[in-house]
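Every read-out reported here was derived from the displayed coordinates using simple, explicitly stated rules and does not represent laboratory data. For clarity, every value in this text was computed on a predicted model and none was experimentally measured. Every residue, glycine as well, gets a Cβ built from its backbone with ideal geometry; the counts of neighbours run over all protein chains shown.
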Amino acid sequence: MPELPEVETVRRGLVPAMEGAHFTKVEAHRPDLRWPLPKNFAGHLQGQEVVSLGRRGKYLLADLSSQEVLIMHLGMSGTFRVRHGCAETPIGEFHHPRAKPGTHDHVVFHMSNGATITFSDPRRFGFMKLIARDKLEDEPSLRALGPEPLGNAFDGAMLAQACAGKKTSLKAALSDQHVVAGLGNIYVCEALYRAHLSPKRGASTLATRTGHPQPRADALVQAIRDVLEEALRAGGTTLRNHRLTDGELGYFQHAFRVYDREGQPCMTPGCGGTVRRIVQSGRSTFYCPQCQR
């Protein structure tokens with residue numbers, strides 16, 4: 001599933017095509033994705049202006065002139081493609097071939113600025129919802145989300161407080177969207193590696209007995225920020241289905257230090273350890289047992 005850097009990369013690619021433009025025509029090629037599309041979805045959107053396009057965790061939020069918000073989620077395999085006439089919109093400095101149109105193109109937005117935006121999702125785990133703006137805080141998908149890891153308020157004290165008293169592993173806690181929004185398997189593994197913390201370590205060890213942050217909490221927050229910002233600069237990670245909105249691939253997978261490197265030497269200078277793979281909560285975890293404690 002795309003994580004925060006992938007979703008933010010998609011948002012940035014969609015902004016020039018959506019913000020300030022109106023839906024002139026909307027095609028819904030099927031009545032449902034993960035869940036049924038809103039009633040009269042295409043007709044309801046037609047004529048509406050996209051005032052702004054934001055993100056919360058892994059969700060894209062299009063603020064509409066109708067005082068509603070279009071919530072879009074990529075699911076496991078969802079992608080957006082943007083076309084202006086016959087030309088693709090360039091997003092970053094990427095040069096891999098674009099994803100080709102196919103039978104999984106489920107929703108198409110035709111915008112007043114000439115852009116055509118196509119949502120494709122082979123596995124149909126993505127979804128689109130329309131929510132009244134003043135009801136957004138009550139939306140189940142959003143109301144319990146934790147802090148944004150790149151937000152100014154996110155620090156060691158906030159993370160330690162969220163993990164205090166938890167009996168789960170540090171890997172499980174960071175993967176919990178209630179603790180911190182937008183992180184998933186890949187970036188949790190990478191952040192824990194950079195902070196030299198074992199994914200098997202108890203989450204509660206980020207806090208002292210009085211609830212204050214341990215130094216390792218501050219180190220982990222910095223590692224989370226570093227890995228996300230590096231991934232954003234690279235345009236996100238491509239694993240199987242993720243594409244940028246112009247069909248190009250993200251390059252961060254070439255900078256993995258631990259993820260998907262089972263059996264390879266640890267990249268920490270002087271460590272001498274070997275990357276190991278274990279399974280936690282049904283997901284692969286990659287770490288170095290030598291330098292991650």
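Working note: Karplus 6.51/-1.76/1.60 with θ = phi - 60° gives the range 170-182 the couplings 5, 4, 5, 5, 5, 7, 7, 5, 6, 7, 8, 8, x Hz, where Gly and Pro are set to x.
Could you grab the Rg to Rh ratio for the range 1-61? Cα atoms only, Kirkwood for Rh.
Taking Rg over the Kirkwood Rh, I get 0.99.
Would you please put 120-130, 30-40 in order of how densely packed they are, using the mean number of other Cβ atoms within 10 angstrom per residue and starting with the highest?
Working: 120-130: 18.9, 30-40: 13.3.
Order by mean packing, descending: 120-130, 30-40.
Between Gln264 and Glu49, the modelled label-to-label distance comes to 4.9 nm, taking each label 7 Å out from Cα in the direction of the beta carbon.
Extension gain Arg34-Arg233, at 0.36 nm per residue separation less the Cα-Cα distance, in nm? Intermediate results must be reported in sequence, preceding the final value.
Details: separation 199, 0.36 × 199 = 71.64 nm, distance 3.05 nm.
Contour length minus the Cα-Cα distance gives 68.6 nm.
Annotation: peptides 158-168, 136-146, 191-201, ranked by per-residue average of other Cβ atoms within 10 Å with the highest first, follow the order 191-201, 158-168, 136-146.
For the chain, the residue among Gly85, Leu183, Thr268 whose Cα projects farthest onto the positive side of the dipole built from Cβ charges is Thr268. The dipole here belongs to the chain: it is taken about the Cα centre, uses +1 on the Cβ of Lys and Arg and -1 on the Cβ of Asp and Glu, and is about 1100 debye. Sequence neighbours fewer than 8 away in the same chain don't count; with that in mind, list the aspartates and glutamates whose C-alpha is under 17 Å from Lys135. In chain and number order, the partners are Asp63, Glu68. Here the Debye sum runs over all C-alpha atoms of the chain as equal scatterers in vacuum, and log10 of I(q)/I(0) at q = 0.08, 0.13 Å⁻¹ comes out as -0.37, -0.92. Note on Ser284 and Ala153: with the Förster distance fixed at 30 Å, the Cβ-Cβ geometry gives a FRET efficiency of about 0.45.
Using packing as a proxy for protection, rank 15-24, 207-216, 258-267 so that the peptide with the highest average count of other Cβ atoms within 10 Å comes first.
Numbers: 15-24: 18.2, 207-216: 13.5, 258-267: 16.5.
The packing order, highest mean first, is 15-24, 258-267, 207-216.
Would you mind getting me the FRET efficiency between Cys271 and Glu19? Use the beta-carbon distance for r and R0 = 51 Å, nearest 0.05. It comes to 0.65.
For the pair Asp134 and Ala255, a Förster radius of 45 Å applied to the C-beta separation gives a FRET efficiency near 0.60, rounded to the nearest 0.05.
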